[in-house]
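**Student:** Structure incoming, see below.
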Amino acid sequence: MNLKRKIGLIKEKYLPSLVFVIALLLLWELSVRLFSLPEYILPSPFMIARTILKFRKILLFHTSITLFETLSGFLAGAMLGFALAVLICMSNFFYRTFYPLLIIIQSIPKIALAPFFVIWLGFGVLPKIAITALVSIFPVLVNTLHGLVFVKQELIDLMKVFHASKIQVLFKIRIPSSLPFFFTSLKISIVFSVVGAIIGEFVGANEGLGYVIMISSTNLNTSLMFSALFLLGAMGFFCSGFVSLSEKLLLPWHKEAKDA
Amino acid sequence: MPEKMIEAVRIGKEFTSNFKRLEVLKDISFSVKKGSFTSIVGMSGCGKTTLLKIICGISNPYSGQILIDGEGASKAGRNHYFGIVFQEPTLLPWRNVYNNIELPLELNSCPRTKFKADDLIKLVGLEGFENVMPHELSAGMKARVAIARALIFHPSILLMDEAFNNLDEITRSNLNLELLRIWEEIRTTVLFVTHNISEAIFLSDRIIVLTPRPGTVRKIIDVNLPRPRNKQTRRLPEFIEIVENARELLT
């Protein structure tokens, strides 16, 4: 009974989008066949699937490289962003010293910095991780800082009445209240991270899905390009799904607790 | 001996914002007897909350003097003389009822006698809800948790800042009765801020009526209605008379 209801709920939640995606793929397949488009212009989903199967070993290798860059950069960026947010929230000195600089750096398009990282860190995975970290740090920093600073004044007053120290206010009130904001920013950052890794690979790489896209574009191997694109999409989808899932598991109180 | 638990002498407070001086409180003097129930009544924005903050020592600076049990407010604060309940229950949504009530105990070791969280849960009528999370509670139950949390250090003074404001009428009058029952059991001094005149009179031994900004004492009214009070109290002609008089003062 319970299981049945669960399946029903899942159906209700995911069925519409699933049906839509399948319909879209069918439409794509049909129009390619109908207009007999050449493969190098637009391959059909069937051809793309065939390409993925054919090159599965190579594609798996390049996917794992990009995934590694994405996750390492994301983790580094998230941790740095969170730590900086706490520092800036706790100290006026840090706030005045770093915040204006961070705003300036944030307004520079990080893509424009990618070539510099290649010059400084070479062609390996390191410059990609650095760009990814740089891209994902700001959403985390800004959102978490917001959560840390804008705590209900009454909670702060309550802590004052009980003579809590600044550190106690930080750990008992500010950090827990900022966690929903932190997770929201992680959802933004993980998607940015995939973009960051690809940008790094575009600028200079000899492995990774970005590299696959570059190479296959010069060879007019559009099917392979789409294969890499599909894998990138799948990767981003599962990564952000993982972040959402961990939020649900780690912050069960957040769901309906907005006005407690 | 009924001594003075709170004594306010010519309290004044100004805020400056955008280079404008705003006088919020002016020349407020009153005293509160130990173990009594006193309400501060005034219109919104007359500085009632500011006055409470001054009394419990979290708002500085101000002019005038506050004596708590004969001592300066900051010194009194260090000995945990205060428990406070706000308009919003301000519970921590990631802690269950029990842990919310125990929060103040985690903050520092202090020499005051403490209630056990279990006893408080019984006192405010939340048995069986110890492990429930705040978002699963009704507004009235959240208010009960907030009261229990405020009482954990057995405070000499319980400050309540429009604590029942966000409740519906029925829940509010139920909690009024509950608050009186709790107060009669622990006999602490209560200072209750509200803009609801009949609530103030129903609960209190005395009400302090404040004028609109700058807030100053308009009149202090003794409420000599019999205790224990119950639903019938609100129908007494004396009750209605005091409410009418107080209403005149505010308008």
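**Student:** Specify which of the listed residues (A:Phe171, A:Phe162) is farther than 23 Å from A:Ile131 by Cα, within 14 Å of chain B (Cβ to nearest Cβ), open to solvent by 10 Å² or more (accessible area, probe 1.4 Å) and more than 20 Å from the chain's Cα centre (by Cα).
**Tutor:** A:Phe171
**Student:** For region B:71-80, check the following and say yes or no: at least one residue is closer than 28 Å to B:Ala139 by Cβ, within 14 Å of chain A (Cβ to nearest Cβ) and either in a strand (DSSP E or B) or modelled with pLDDT of 85 or more (or both).
**Tutor:** no
**Student:** Going through B:Ile182, B:Ile152 one at a time, which residue ends up being at pLDDT 85 or above, touching a Pro at 6+ places or on another chain (Cβ under 6 Å), of a type in the set (Val, Ile, Thr) and under 24 Å from B:Leu103 (Cβ atoms)?
**Tutor:** B:Ile152
**Student:** If we only count helices (runs of 4 or more DSSP H) wholly inside region B:128-243, which ones have 3 or more residues that are more than 14 Å from chain A (Cβ to nearest Cβ)?
**Tutor:** In region B:128-243, B:169-186, B:197-203 are the helices (runs of 4 or more DSSP H) which contain 3 or more residues that are more than 14 Å from chain A (Cβ to nearest Cβ).
**Student:** Among the residues of region B:1-20, which ones are in contact with a strand residue (DSSP E or B) (Cβ under 6 Å, 6 or more places away or on another chain) and either open to solvent by 30 Å² or more (accessible area, probe 1.4 Å) or over 15 Å from B:Ile157 (Cβ atoms) (or both)?
**Tutor:** B:Pro2, B:Lys4, B:Glu7, B:Val9, B:Arg10, B:Ile11, B:Gly12, B:Lys13, B:Glu14, B:Phe15
**Student:** Let me ask another. So B:Thr90 ticks every box in (1) modelled with pLDDT of 80 or more; (2) on the phi < 0 side of the Ramachandran plot; (3) among the polar types (S, T, N, Q) but one. Which box is left unticked?
**Tutor:** (2)
The values are calculated or read from the model by the stated rules, or taken from the named source; none is laboratory data. Quick caveat, the model's predicted, so the values are computed rather than measured. Cβ: placed from backbone, ideal geometry, glycine included. Neighbour counts: every protein chain shown. Accessible surface areas use protein heavy atoms only, side chains included; no ligands, DNA or RNA. Shrake-Rupley method; radii C 1.70, N 1.55, O 1.52, S 1.80 Å.
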